[in-house]
Structures are given as structure tokens and as C-alpha cells.
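Participant: Below is one structure. I have some questions about it.
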Amino acid sequence: MRLTVVEEITPVLLDRLRAGTIDVAILALPIRGHEFETFPLLTERLFAAVPKKHKLKSRPSLSLKDLRAEPFLLLRDGHCFRDTAVAACVRARLHPQILFESGQFSSLLSMVGAGMGVSIVPEMAIEKQSQCRYVRIADDQAVRTIGAVVLRGRSLTRAHRAFLAHLRDA
């Protein structure tokens with residue numbers, strides 16, 4: 001079995017699954033479309049990323065409403081996490097003032113660290129050695145689930161099944 005890792009936005013990965021150019025996609029769930037079978041792997045919390053000197057940096061948690069006057073730095077449209085971040089804002093009845101959009105968490109976190117604004121990030125994007133502070137969002141629904149996705153009805157080889165089992169166990 002040869003493993004090749006490709007980083008792409010969700011719509012591109014789903015198109016590649018449909019076309020048969022990839023066998024498994026790992027992405028945020030849920031996804032639209034009945035032609036896919038999903039295997040949840042992990043659920044992670046969402047955090048507000050604020051500059052090191054921000055007044056809320058030491059709180060154990062915060063409501064997104066606490067950031068209503070802040071400029072927001074978010075991932076661009078098409079990135080699956082943007083929908084998750086926007087949904088968290090909608091639940092908090094927050095209409096974020098979006099100052100900047102990027103395709104990379106690293107760009108957003110660099111700008112947050114430079115004091116340009118705040119952002120929303122999943123737990124796996126937290127950089128321990130960054131110029132940001134991460135404060136848990138106090139919303140039980142402020143989570144995202146990562147899962148493996150395959151084309152429904154496609155026969156999985158023993159190697160595919162072993163890979164999916166390994167992902168679930170890890």
C-alpha cells in the first residue's frame with residue numbers, strides 16, 4: 001500500500017473521492033451528500049485565539065459575545081472550518097467584523113499574534129510556542145468532529161479497512 005497525503009479544501013477532496021483519484025479523505029463532519037460513508041475519528045473543542053496582551057487572555061473560557069468589538073481573522077470561504085466558526089458566531093448571536101481572510105491557520109495566528117485581531121481555531125491548530133493565547137469558547141456546541149470519508153458502495157480492500165481501523169484506534 002502506498003500512502004500519499006494531499007491537503008485540500010473539503011469540496012475538492014469530495015470531488016476527488018467521487019472521481020476515484022483518492023480512496024479516503026479526512027475532514028470535518030458532517031458532510032453533505034448521501035454518496036459518502038463517514039467514520040468519526042475525534043471531536044475537538046474550539047478556542048478563541050487572542051493576542052498575548054489581550055484583556056481576556058487569562059480567562060479559563062469566554063463567550064464569543066465577549067469579542068463582539070474585536071476585528072476577526074477567519075479562514076476564507078471554501079475551507080470547512082470557516083463554516084464551523086461562523087456557526088459558533090451565529091449561536092452566540094455575534095456578527096463578526098471580518099478584517100482578514102486566509103487559507104491557512106498559520107497566517108491567521110501570525111496576525112493574531114501581531115495584534116491585528118482575534119480568531120476562532122480548533123484545538124489541533126493551537127501552537128504552543130506562538131504569540132497568541134488560546135481561550136476555550138464557553139459553548140458546549142463549540143466543537144468539531146473529524147472523520148474519515150469514503151465513497152459509499154465502494155469495495156474497501158483489506159489495506160483500506162486496516163488503515164481506517166488504525167485511524168479509529170489512534
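The values are calculated or read from the model by the stated rules, or taken from the named source; none is laboratory data. Everything numeric here is computed off the predicted structure, so don't read it as measured data. Glycine also receives a Cβ, built like all others from the backbone with ideal geometry; neighbour counts cover every protein chain displayed.
Participant: Residues of the range 93-116 being part of a helix (DSSP H, G or I) and either of a type in the set (D, E, K, R) or in contact with a Lys or Arg (Cβ under 8 Å, 6 or more places away or on another chain) (or both), which ones? Before the answer, list the steps.
Facilitator: At the first step, the residues of the range 93-116 found to be part of a helix (DSSP H, G or I) are 105-113.
Once the filter is applied, which keeps residues that are part of a helix (DSSP H, G or I) and either of a type in the set (D, E, K, R) or in contact with a Lys or Arg (Cβ under 8 Å, 6 or more places away or on another chain) (or both), the range 93-116 yields only 113.
Participant: Just give me the residues in the range 88-103 being touching a residue at least 24 places away in the same chain (Cβ under 8 Å) and either hydrophobic (A, V, I, L, M, F, W, C) or over 12 Å from residue 67 (Cβ atoms) (or both), in sequence order.
Facilitator: Matches in the range 88-103: 88, 89, 91, 92, 93, 94, 98, 99, 100, 101, 102, 103.
Participant: What number of residues in the range 135-159 are crowded, with 21+ Cβ neighbours inside 10 Å and over 13 Å from the mean Cα position of the chain (by Cα)?
Facilitator: Count: 3.
Participant: Please go through the range 69-82 and give me each residue that is exposed (fewer than 15 other Cβ atoms within 10 Å of the Cβ) and without any contact (Cβ under 8 Å) to a residue 40 or more places away in the chain, ordered by number.
Facilitator: 69, 76, 77
Participant: Something else: Of (1) assigned by TED's automatic domain parsing to the domain that holds residue 151; (2) within 17 Å of residue 143 (Cβ to Cβ), residue 47 satisfies all except one. Which?
Facilitator: (1)
Participant: Search the range 125-167 for residues being assigned to a strand (DSSP E or B) and of a type in the set (Gly, Ala, Ser), and hand back the single one that is farthest from residue 114 (Cα to Cα).
Facilitator: Here is the first cut: in the range 125-167, the ones assigned to a strand (DSSP E or B) are 132-137, 143-151.
Next, only the ones that are of a type in the set (Gly, Ala, Ser) stay: 147-148.
Numbers: 147: 33, 148: 35 Å.
Filtering the range 125-167 for residues that are assigned to a strand (DSSP E or B) and of a type in the set (Gly, Ala, Ser), the one farthest from residue 114 (Cα to Cα) comes out as 148.
Participant: Something else about it: So if I check each of 9, 31, 22, which one is in contact (Cβ under 8 Å) with a residue 12 or more places away in the chain, buried (at least 16 other Cβ atoms within 10 Å of the Cβ) and over 19 Å from the mean Cα position of the chain (by Cα)?
Facilitator: Working: 9 fails: over 19 Å from the mean Cα position of the chain (by Cα); 31 fails: over 19 Å from the mean Cα position of the chain (by Cα).
Only one candidate passes the filter, namely 22.
Participant: Name, by its number, the condition in (1) farther than 28 Å from residue 169 by Cα; (2) modelled with pLDDT under 95; (3) not hydroxyl-bearing (Ser, Thr, Tyr) that does not hold for residue 72.
Facilitator: Every listed condition holds for residue 72 apart from (2).
Participant: If you don't mind, there's one more thing I want to ask. Going residue by residue through the range 35-43, is there one that turns out to be surrounded by 15 or more Cβ atoms within 10 Å (Cβ to Cβ), of a type in the set (A, V, I, L, M) and under 17 Å from the mean Cα position of the chain (by Cα)?
Facilitator: yes
Participant: Here's a follow-up. Considering only residues that are within 23 Å of residue 28 (Cα to Cα), hydroxyl-bearing (Ser, Thr, Tyr) and either modelled with pLDDT of 95 or more or touching a Leu at 6+ places or on another chain (Cβ under 9 Å) (or both), which ones fall in the range 97-135?
Facilitator: Here is the first cut: in the range 97-135, the ones within 23 Å of residue 28 (Cα to Cα) are 98, 100-109, 118-128, 134-135.
When the remaining residues are screened for being hydroxyl-bearing (Ser, Thr, Tyr), the result is 102, 106-107, 119, 134.
102, 107, 119, 134, listed by residue number.
Participant: Could you tell me whether residue 114 is of a type outside the set (Ser, Thr, Tyr), in contact with a helix residue (DSSP H, G or I) (Cβ under 8 Å, 6 or more places away or on another chain) and under 19 Å from residue 56 (Cβ atoms)? Give the derivation first.
Facilitator: Details: of a type outside the set (Ser, Thr, Tyr): yes; in contact with a helix residue (DSSP H, G or I) (Cβ under 8 Å, 6 or more places away or on another chain): no; under 19 Å from residue 56 (Cβ atoms): yes.
It is false that residue 114 is of a type outside the set (Ser, Thr, Tyr), in contact with a helix residue (DSSP H, G or I) (Cβ under 8 Å, 6 or more places away or on another chain) and under 19 Å from residue 56 (Cβ atoms).
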